[in-house]
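The values are calculated or read from the model by the stated rules, or taken from the named source; none is laboratory data. Everything numeric here is computed off the predicted structure, so don't read it as measured data. Please note: Cβ atoms are built from the backbone with ideal geometry, for glycine as well, and neighbour counts cover all protein chains shown. When the accessible area is computed, the model is the full protein with side chains, heavy atoms only, and any ligands, DNA or RNA have been set aside. Shrake-Rupley method; radii C 1.70, N 1.55, O 1.52, S 1.80 Å.
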Amino acid sequence: MKLHFCLPFLLFFNCFWAQTIEVGANKPIKTIKEAIALAKSGDTITVYKGVYQEGNIIVDKKIILQGKNFPILDGQSKVEVLSIKADSVVVSGFKVINSGYASLNDPCGIKIYNKTGVVIKDNVLENNFFGIYVQKGTNCIIKNNTISAHQKEEQRIGNGIHCWKSENLQITANKISGHRDGIYFEFVSNSVIWRNISTANIRYGLHFMFSNDDAYISNVFKNNGAGVAVMFTKNVKMFNNYFEENWGDAAYGLLLKEISDSYIIGNKFIRNTSGIYMEGTSRVQLEKNIFKDNGWGMKIQASCMDNQIAFNNFLANTFDISTNGSLVLNHFNNNYWDKYEGYDLNRDGIGDVPFHPLSLFAVITENNPSAMLLFRSFMITLLDKSEKILPSITPDNFVDETPEMKSLQL
């Protein structure tokens, strides 16, 4: 009974003694570092509009650091701007600019060092080497930040949001552009990337390496060097994302390399060089996706097996499918192919004739890219028509036995 009586009193006591420290040109406290030195765990530091050039600011106490009207934290191209070295810190409402550049210690706009429960939200970060960096973080939230840089060479810039050896992260509603990779995960597990917009990044909009049991949902990856790369990873859920206008000789909407036991459902691949490129990919379920206006809808290398490709729409792609081998160990079912010319006599909505989505010319150009010079020529049209009548080179088992007659409503 005594313990129950004391707990509310202690909570009130702690809240009562938590204080707000104000920082600004017209305030008694002029610098953020001075305010942090004065603060105690649980305090709030409110920073008013102005330019703060204080070198590397280290937050080593559990505090709320909030900006009013986006005060500027300027690293003057010399240092890491804000270093978080305490649990449960909240940073919001700042404009963080001009971190230093270094290839060894990766200076950042904001970096979290081995901490739990840190929240970085509602900030603007510009012209930093790395934008926000989470190192061995747990249960951290990176939300509603705008992160941009303007370098043209990937060696001169880091990633927008970089996460390493972390778990249970939430990366939500951020806008990232102009970095090497928009979002980068390495050895990150049980985390969610949701509703972010990653555009015009030099390499990838999102890059996974050795990161299992994650999900990325309802994001936009547009006009990057390549959209998303998922490598050496398993059990990734990829739902309802947009992969758009990722063009280039080695550009893909989605690159899958050595991944397994994952789900690609409800995504849109529109105007990419290749919608999906798959290499060493196994037991992946691809359903209810739209492939439209791509150079190649999907490139499936011979090293892929046991992938289920079903209930997708393939619309106005130059080539729907391409491969570099003759052995096909993947399964196509109930997809809609706008190039299908079959019939449906029993009117059940399923074509009575199987569809072979791999054209002879796609096989030729896979091994001889210069053959694309002949694309749309009469000779190539005749070659493809002949191959459909008398298949000789394309694999017999590269086939959708149950093609849909109408575009699926996805």
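By a 1.4 Å probe calculation restricted to protein chains, GLU401 has an accessible surface near 110 Å², given to the nearest 10.
Each Lys or Arg adds one and each Asp or Glu subtracts one; over the other residues with Cβ under 12 Å from the Cβ of ARG283, this totals -1. Shape index of the chain: Rg/Rh, with Rg the Cα radius of gyration and Rh the Kirkwood radius from the inverse mean 1/r over Cα pairs, equals 1.11. Rolling a 1.4 Å probe over the protein heavy atoms leaves PHE130 with an accessible area of roughly 10 Å². Using the Cβ of GLY178 as centre and a radius below 14 Å, the other residues enclosed give a net charge of +2, where K and R count +1 and D and E count -1.
Residues whose amide H lies under 5 Å from that of HIS207, counting only those 5 or more places away or on a different chain, are ILE183, TYR184, PHE185, ALA229; hydrogens are built 1.01 Å from N in the peptide plane. Here the relative contact order of region 269-328, from alpha carbon pairs under 8 Å that lie six or more residues apart, stands at 37 percent. At what distance in angstrom do the alpha carbon centres of region 29-82 and region 111-131 lie from each other? Result: 13 Å between the Cα centres. If the chain linking ASN69 and ASP306 were pulled fully straight, counting 0.36 nm for each residue of separation and taking away their Cα-Cα distance, it would gain 79.9 nm. Helical content of the chain, expressed as a calculated mean residue ellipticity at 222 nm, amounts to -3000 deg cm²/dmol (DSSP H runs of 4 or more residues, -39,500 (n - 2.57) each, divided by residue number, nearest 500). Which links in LYS33/LYS62; LYS85/LYS121; LYS115/LYS222; LYS121/LYS288; LYS143/LYS288; LYS136/LYS268 stretch past 26 Å when you go from one Cα to the other? Exceeds cut-off: LYS115/LYS222; LYS121/LYS288; LYS143/LYS288; LYS136/LYS268. Classify region 72-214: rounded, prolate or oblate, from the alpha-carbon gyration tensor (a ≥ b ≥ c, eigenvalue square roots; a/c under 1.5 rounded; otherwise prolate if a/b is larger than b/c)? Rounded shape, in that the Cα axes give a/c under 1.5.
Of the whole protein surface, VAL96 contributes about 0 Å² of accessible area at a 1.4 Å probe radius. Across region 27-33, rounded Karplus estimates of 3J(HN,Hα) from the backbone phi angles (6.51 cos²θ - 1.76 cosθ + 1.60, θ = phi - 60°) give 10, x, 9, 9, 10, 5, 4 Hz, Gly and Pro being marked x.
Taking every C-alpha pair closer than 8 Å and separated by at least 6 residues, the mean separation divided by the residue count of the chain gives a relative contact order of 6 percent.
Considering region 116-190 at the alpha-carbon level, its Rg and Dmax are found to be 11.7, 34 Å. Here LYS49 is the anchor, and the aspartates and glutamates within straight C-alpha reach of less than 20 Å, apart from those fewer than 8 places off in the same chain, are GLU22, GLU34, ASP74, ASP122, GLU126. With bins 10 Å wide beginning at 0, the percent of Cα pairs of region 141-294 falling in each bin runs 13, 46, 37, 5.
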